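Undergrad: Before anything else, here's the structure in question.
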Amino acid sequence: MKTRLLPCLALLLCPLSLPADPVATLRSALSLHASFDQGLDADFSRGDKACRVRQGKELVPASPGPELRLVPDAGRFGGALHFPKKAAVRPQFAGPGVLGYNDQSWSATVSVWLRLTPDEDLEPGYCDPVQIVGNDGKKGFIFLEWSKDETPRFFRFAVRPLLHLWNPDNTPWDQIPAAKRPMVQLAKAPFSRQRWTHVVFTLDRLNDKAAKPTASLFLDGEAQGTIRDWDLTLGWDPTSVALVLGASYVGHLDDLAVFDRALDAPEVKALFELDDGVGSLR
């Protein structure tokens with residue numbers, strides 16, 4: 001009788017571990033959220049909440065205007081940003097705590113909702129709705145991009161590390177074969193003026209010499225591809241790193257969020273399925 005009871009007792013004393021709740025893990029990893037419901041500044045940030053734009057060599061507080069509009073009730077959740085035309089206005093968030101960049105081992109996730117019909121709305125030339133930049137483009141450049149010439153336009157996610165690691169001859173971007181660019185490229189992507197598309201990219205252990213860094217793209221909660229087998233070492237000054245929005249972008253943008261690590265696939269799916277967006281995590 002005692003022998004039969006021992007396994008049951010062991011189960012009571014050592015219960016099986018349950019899988020983590022993705023919503024709870026998202027909440028603990030959130031480092032910035034800008035809903036654009038009440039203004040341009042972030043609703044939540046571990047660092048600076050201020051949204052700024054570059055004016056000459058200075059960064060000044062961003063404000064709505066003809067090239068950057070706040071549109072109440074037009075967002076995926078509440079209000080939204082609207083870039084009505086290709087312009088030089090590029091709102092950004094920066095400072096310690098926003099992206100958590102470091103030069104030893106850096107992981108992060110960026111989430112955003114976009115609404116546009118690219119081949120009809122975008123003007124000629126490249127369009128980057130989201131960028132992560134530092135003090136020198138030759139020392140690194142991370143971006144979402146629509147290509148400039150193809151019809152339909154390609155949608156891309158790229159992580160360009162130190163120039164000598166991926167492009168030692170400094171060949172123009174559009175002259176490098178697609179297979180030799182550190183990017184995920186999609187010939188068809190579900191963007192439309194009639195619906196919102198959820199875009200997430202993850203960065204896992206960039207700058208880590210002992211690891212194999214990766215970067216992945218997700219659309220509407222589904223994995224689209226991963227950048228791997230590249231040395232993704234960046235050379236940025238950590239004080240200069242910024243999250244930049246709307247470079248030549250024409251369309252709506254909503255519910256911007258940054259997380260302090262690379263989210264896994266179930267977490268990205270849970271993020272996509274939040275009924276009230278990232279605001280429900282705060």
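The values are calculated or read from the model by the stated rules, or taken from the named source; none is laboratory data. Please read these numbers as outputs of a predicted model, since none were measured by experiment. Neighbour counts run over all protein chains shown; Cβ positions are idealised from the backbone, glycine included.
Undergrad: Scan segment 116-124 and give yes if some residue there is out of contact with any Lys or Arg (no Cβ under 8 Å at 6 or more places or on another chain) and modelled with pLDDT of 95 or more, otherwise no.
TA: So far as segment 116-124 goes, no, none of its residues is out of contact with any Lys or Arg (no Cβ under 8 Å at 6 or more places or on another chain) and modelled with pLDDT of 95 or more.
Undergrad: Test PHE154 against the criterion of being touching an Asp or Glu at 6+ places or on another chain (Cβ under 9 Å), within 19 Å of ALA189 (Cβ to Cβ) and touching a residue at least 24 places away in the same chain (Cβ under 8 Å), and give yes or no.
TA: Criteria met by PHE154.
Undergrad: Look at ALA50 and say whether it is under 17 Å from the mean Cα position of the chain (by Cα) and at pLDDT 95 or above.
TA: Details: under 17 Å from the mean Cα position of the chain (by Cα): no; at pLDDT 95 or above: yes.
Taking the combined requirement at face value, the residue does not satisfy it.
Undergrad: Among the residues of segment 215-232, are any buried (at least 22 other Cβ atoms within 10 Å of the Cβ), out of contact with any helix residue (DSSP H, G or I) (no Cβ under 9 Å at 6 or more places or on another chain) and in a loop (DSSP other than H, G, I, E, B)?
TA: No, segment 215-232 contains no residue that is buried (at least 22 other Cβ atoms within 10 Å of the Cβ), out of contact with any helix residue (DSSP H, G or I) (no Cβ under 9 Å at 6 or more places or on another chain) and in a loop (DSSP other than H, G, I, E, B).
Undergrad: Hey, does segment 54-77 have a residue that's at pLDDT 95 or above and closer than 15 Å to ARG282 by Cα?
TA: yes
Undergrad: Restricting segment 86-112 to residues that are touching a Ser or Thr at 6+ places or on another chain (Cβ under 7 Å) and under 23 Å from ASP37 (Cβ atoms), which is surrounded by the fewest Cβ atoms within 10 Å (Cβ to Cβ)?
TA: GLY97
Undergrad: Look through segment 247-282, keep the residues that are of a type in the set (Gly, Ala, Ser) and outside any helix (DSSP H, G or I), and return whichever of them is nearest to PHE201 (Cα to Cα). Break it down stepwise before answering.
TA: The initial filter retains those residues of segment 247-282 that are of a type in the set (Gly, Ala, Ser), namely 247-248, 251, 257, 262, 265, 270, 277, 279-280.
The next check asks that each one be outside any helix (DSSP H, G or I); those that pass are 247-248, 251, 257, 262.
Values: ALA247: 17, SER248: 20, GLY251: 19, ALA257: 11, ALA262: 8 Å.
Checking each candidate, the answer is ALA262.
Undergrad: Provide a single number: the residues in segment 75-117 that are in contact with a Pro (Cβ under 7 Å, 6 or more places away or on another chain) and among the charged types (D, E, K, R).
TA: Looking only at that region, the number is 1.
Undergrad: Name the residue that is modelled with the lowest pLDDT, counting only residues in segment 142-166 that are surrounded by fewer than 21 Cβ atoms within 10 Å (Cβ to Cβ) and touching a Gly at 6+ places or on another chain (Cβ under 8 Å).
TA: LYS148
Undergrad: Here is a further query. If you take the residues in segment 29-67 that are part of a strand (DSSP E or B) and among the charged types (D, E, K, R), which one is farthest from ASP264 (Cα to Cα)?
TA: Filtering first and then ranking leaves GLU58.
Undergrad: Going by the conditions given, is ALA62 under 14 Å from LEU256 (Cβ atoms) and surrounded by 16 or more Cβ atoms within 10 Å (Cβ to Cβ)?
TA: It is true that ALA62 is under 14 Å from LEU256 (Cβ atoms) and surrounded by 16 or more Cβ atoms within 10 Å (Cβ to Cβ).
Undergrad: Still on this structure, please answer the following. Quickly run through segment 73-91 and pick out the residues that are over 15 Å from CYS51 (Cα atoms), assigned to a loop (DSSP other than H, G, I, E, B) and in contact (Cβ under 8 Å) with a residue 12 or more places away in the chain.
TA: ALA74, GLY75, ARG76, PHE77, GLY78, GLY79, PRO84, LYS85, LYS86, ALA87, ALA88, listed by residue number.
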